[in-house]
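Some notes on the structure that comes next.
What follows is calculated from the coordinates using simple rules that are stated; it is not laboratory data. Keep in mind it's a predicted model, so treat the numbers as computed, not measured. Because the Cβ atoms are built from the backbone with ideal geometry, glycine has one as well, and the counts that use them run over all protein chains shown.
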Amino acid sequence: MFLLPFLAFVSLSLLTRAAPADETRQKLVALAAAGGGLIKLDSASYDLLTAPNRDWSASIEFTALDTRRRCAPCKLVLSEFNPSWNAVAKAWSKAPKAHRDNHFFATLDFDDGQLVFQKMGLASAPVVYVYPPVEGPRAKARTEPSKYDFSHGFEAEPLAEHLSNHTPIPIPYTKPFDWARWTTAGAGLLAFAVTLRFIAPILQSRWTWAIITIITSLVMTSGYMFTRIRGSPFMGHDGSWIAGGFQNQFGQEVQVIAAVYGTLGFAFIMLTMVIPYQTTSQRQRFQVYLWSTIIMLVYSILIVLFKVKNRGYPFRLLL
Amino acid sequence: MPTAFPLPSDLSPATVTNTASLLRIVALSLISGAAIASRLFAVINFESIIHEFDPWFNYRATRVLASKGFYEFWNWFDPTAWYPLGRVVGGTVYPGLMATSGVIYNFLHALNLPVDIRNICVMLAPGFSALTAWATYMFTKEMKDESAGLLAAAFIGIVPGYISRSVAGSYDNEAIAIFLLMFTFFCWIKALKLGSALFGTLAAVFYFYMVAAWGGYVFITNMIPLHGLVLILMGRFSSRLYVAYSSWYAIGTLSSMQVPFVGFQPVSTSEHMAALGVFGLLQIVAFTQLVRSHVSSKQFQDLLFLALITVGLLGFVGVVGLTYKGVIAPWTGRFYSLWDTGYAKKHIPIIASVSEHQPTAWPSFFMDLQFLIFVFPAGVVLCFHQLRDEHVFVIIYAVMASYFRRRHAVAFSSLLDTYLDAAEPADAAAEESTSETSATNGASGAAATTATSSGSKKAKKGPPPAGTTALTDLVAVKKGDKPKGIFGLDTRLAIVMNAFGMLAFFVFHCTWATSNAYSSPSVVLASTNPDGSQHIIDDFREAYYWLRQNTPETAVVMSWWDYGYQIAGMADRPTLVDNNTWNNTHIATVGKAMSSTEEVAYPILRKHDVDYVLVIFGGLLGYSGDDINKFLWMVRIAQGVWPEEIQEPNYFTPQGEYRIDDHASPTMKNSLMYKMSYYRFAELFGGGPAQDRVRQQQVPKVGPTLDYLDEAYTTENWIVRIYEVRKEDLLGRDLKSANAFAKGKKRKRSKPVSRRRPIV
């Protein structure tokens, strides 16, 4: 008996609150349409978009596009992230209207909404927050915004994939066809086919392949894969070129070590393949001593380098 | 047989040959002895114990095999692994290793030698390393000659890269697989050289053994076809290649399908398609060769050539099409990650998290190979210089090896190759030294300087003196001559000294690396007391035996997957996840429990019947391989399955640092793993600053509290901590308020709660 009026009250209050929400949504839809799927926010419209009674979700990019705010990551934003963001937003604007109006893409520039940046405690850009709906059928237990993790890079694909978890339907994003890449590949193939006649002797020479093989193996054994996968810097911040620690190395070490290995390997080749065929004893003797000395010296240097990496190593040669 | 010095002329050729082969046998047995001996550091420094993680599973399975027989093992369902799922062990292992130990065990017992199965397991790897040395000798002999073979055998015998995988107690698949790999390659080269179906079949049989022993067989599956393909492209197709490849492929594939774990993969997955494709290509090429030899018309030959290309393309398109349609499984994630490690990081964190899959920096290469690593390019050049069919094989191997080298598992097989390559230059260097010697002789007027004239020379110069180390004889043994020479004695001496010095240094290096770096069982840790004596840290076994002695046999233990095999093997308790990482979701469940708050984790623990939770904590001792350092992987793997609930950035400070001190993020501080690791840690320091020696940070003075778990056991050095999961409160309260009540704390109430629902 008591329940009825209570229910009525609840539904009434829902209605009264729902009306402005709908209004806001219309405004937002209009804004999004004007921006080609992307709302350009300022402090006021930010409040609108993240209204506490929203039954839509939103993903907002906090950024600083103005060149006056230049800083290394911001430049990165200009060149890398912002286009990805726009591409994903554009893709979303092609989603069916029924779903499209339940999720909004927006960008807030630092110069348009310093207050918001302060409120959110943001000291760096770019940041992407996803605001889940608070009310309505899609509302979940979690209502505070979640941050997008840039560990997958600034590309559009992982971004779309991640945001699709929060949109009503997956974002219809497809990677744009990479004309430049395919044209280059095609041109390269064509050029190869045309010049094949002239470079065939080179390709058929075993020494071409020997050089390729040796360079590959030198580069790989010098830890090139390590630097590529780990993305280690070319040199240290303090200008040192050799990284301390057994399981660590800088990019420059690859070059040095490859050169050391190459020198030693070359010395061995000289000893085995060239020197025995020398015809005068003086010249031969000189070469034998020369290359033997080189082997000893360079090998000693290598051991010294290794001792830097592995401090417990007990052996040493000349140095 | 060319030698450096002239033999006394009154020796019969038979005597010379016999002496030479006797010397080779002596040298090989010395090498085997050295290979086995250097792997025993682990037993001498520690004890006869199974090492690391995976070997504990192999050991456990072998025990089942030895005690219950092969058929029981074949049908073994292990209900204690992957609780509550269980594991069909017989169908999910490569049984080669266990079967080998089982055969040895039964053989010895048939001879009434009551050897314990554990000792067989511990000694299996050193034993097989001797066989590997022999197989390498055979292989290199095919490449060059006996002298190079001996040198290569010595290298493979003691090189640290191989030792690291085969010390006594390292009872892993690689223990026998490296020998099988080497021997399969030897049979293949032999088959190719002779065009022999017999050796092709032998290669297939050993390939089958390899398939039964190690997942790395895929390397052979792609290596041999690649060799065949390159030979065809180089225009070196021959009936020898046809016979060798066809016999290897047909028999090898059929037999490999007999291993239950492999099953129909050889005809249904992309990894194996290269072998099938080259097989088909060979048939076509052979057919065209046949037709060409019977038909003369130029036009017809051209037509044939075109048809060949078309058929090849069609076949390729067919394979691609079938892959799309799903008949052929596409490359597995593990395979992708082999080529592109970024792939693993993005899609399968569990693969990226395995330390074996981490890239290697150059010091590790140098540590594992020492001077072999730079003689290796020289060896490649020599191979190109000769470039017989078998050299092509070594070259391909070299390229593959150096690319994949970064992955330990494949990499180290590559080492083998390096050895034999390496053998050649070193050999050549020594050769030179000898040819110098012969040149002297020539000068002295005895024999012709041109060493080619075979009749004259002979005598292995000083037969290995007392043969103290295998290497010394090698240097002496291998000598060859070429139509070239060195003038003067001093240069010869210089080179001999140089080469000998390098080999000696290599021996020192290997011994040092083996005894210091590669012999730790990692179940038992060693440190040094202030007085220099060795101190053994035995926390792992302490904890596992505590579990064994103090908990019911059915108690389920949860830990991160690294320790699953050890718990099963040493504590004999059911585990939630173990090192056989086949079920990502189950692992992610454990990761989620570890990285969530107690309140979230508790239902997960209870639903999985977890009685004990085990964590590894190195903060007191500075043991860096502990769970807090692995924690981010748990978070990442859990995030992969529950991106809503677990987010990696939450575990970092706002500045993006990974901290465990006062500045640690709240999510981090409230995670179960953090709480279990640092529970009561600060108390240990009696009010002083509590220092975590791994992270070099100060732990908060007021440590975390636990409401849903009880500390059950902590080992001497705090490396292993075991917690008991509480049962639900008997009064139906949640454990947190029950705890607060027991501590006499008053419950804070913001608003009065309705006491009881009125009964209507």
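Evaluated at q = 0.21, 0.22, 0.26 Å⁻¹, a Debye calculation over the C-alpha positions of segment A:166-232 (equal weights, vacuum) places log10 I(q)/I(0) at -0.95, -0.95, -0.98.
Using only atoms on other chains, find how many Cβ atoms lie within 10 Å of each Cβ of peptide A:259-268 and report the average.
5
Just report the Cα centroid separation between segment A:187-264 and segment B:632-676, whole Å. Result: 38 Å between the Cα centres.
Find the all-direction average of the projected area of the Cα convex hull for segment A:222-309, expressing the result in square nanometres with one decimal place. Projected area, direction-averaged: 6.6 nm².
Here segment B:549-742 is treated with +1 on each Lys and Arg Cβ and -1 on each Asp and Glu Cβ, and its dipole about the Cα centre works out to around 260 debye.
Restricting the calculation to alpha carbons of segment B:587-663 gives Rg and Dmax of 13.2, 39 angstrom.
Based on the reciprocal of the average 1/r between different C-alpha atoms, the Kirkwood radius for segment B:180-330 equals 16.1 Å.
Computed packing ranks the peptides A:276-283, B:364-371, A:160-167, B:148-155 as B:148-155, B:364-371, A:160-167, A:276-283, most packed first, by mean other Cβ atoms within 10 Å.
Under 5 Å from the amide H of B:Met558 lie the amide H atoms of B:Asp611, B:Tyr612, B:Val613, B:Leu614, each residue being 5 or more positions distant or on a separate chain, with H modelled from the backbone and absent for Pro and chain starts. Averaged over the residues of peptide B:366-374, the number of Cβ atoms from other protein chains lying within 10 Å of each residue's Cβ is 6. Pairs spanning more than 25 Å between alpha-carbon atoms, out of A:Lys94/B:Lys592; A:Lys119/B:Lys736; A:Lys147/B:Lys607; A:Lys40/A:Lys94; A:Lys27/A:Lys97; B:Lys607/B:Lys675: A:Lys94/B:Lys592; A:Lys119/B:Lys736; A:Lys147/B:Lys607.
Let's test the formula: R0 of 41 Å, r as the Cβ-Cβ distance of A:Leu297 and B:Leu194. What FRET efficiency results, to the nearest 0.05?
0.35
Remark: spin-label model distance A:Ala259-A:Arg283 equals 2.9 nm, labels positioned 7 Å along the Cα→Cβ axis.
Figure legend: label point modelled 7 angstrom from the Cα of B:Leu108 along Cα→Cβ; residues of segment B:52-94 with amide N under 20 Å from it are B:52, B:55-70.
In segment B:549-742, taking the dipole from charged Cβ atoms about the Cα centre, the farthest positive-side position among B:Val557, B:Met668, B:Thr589 is held by B:Met668.
Our coupling estimate for segment B:90-102, obtained by passing each phi through the Karplus curve with A = 6.51, B = -1.76, C = 1.60 and θ = phi - 60°, is x, x, 10, 10, 8, x, x, 5, 5, 4, 4, 5, x Hz, Gly and Pro reported as x. Hey, for a label at B:Thr585 modelled as a point 7 Å past Cα toward Cβ, could you say which residues of segment B:74-88 have their backbone N under 18 Å away? Counting only backbone N, you get B:82-88. Charging the Cβ of each Asp and Glu at -1 and of each Lys and Arg at +1, and nothing else, the dipole of segment B:63-179 about its Cα centre rounds to 180 debye.
Amide H contacts for B:Gln691 (H built 1.01 Å from N in the peptide plane; partners 5 or more residues away or on another chain; cut-off under 5 Å): B:Val699. Taking a sphere under 10 Å around the Cβ of A:Gly37 and counting the other residues whose Cβ falls inside, with K and R at +1 and D and E at -1, yields a net charge of +3. Peptide A:240-246 has a mean shielding of 1, counted as Cβ atoms of other protein chains within 10 Å of each residue's Cβ. Ellipsoid semi-axes for segment B:549-742, based on the Cα gyration tensor and the rule √(5λ), read 23, 20, 19 Å when sorted largest first.
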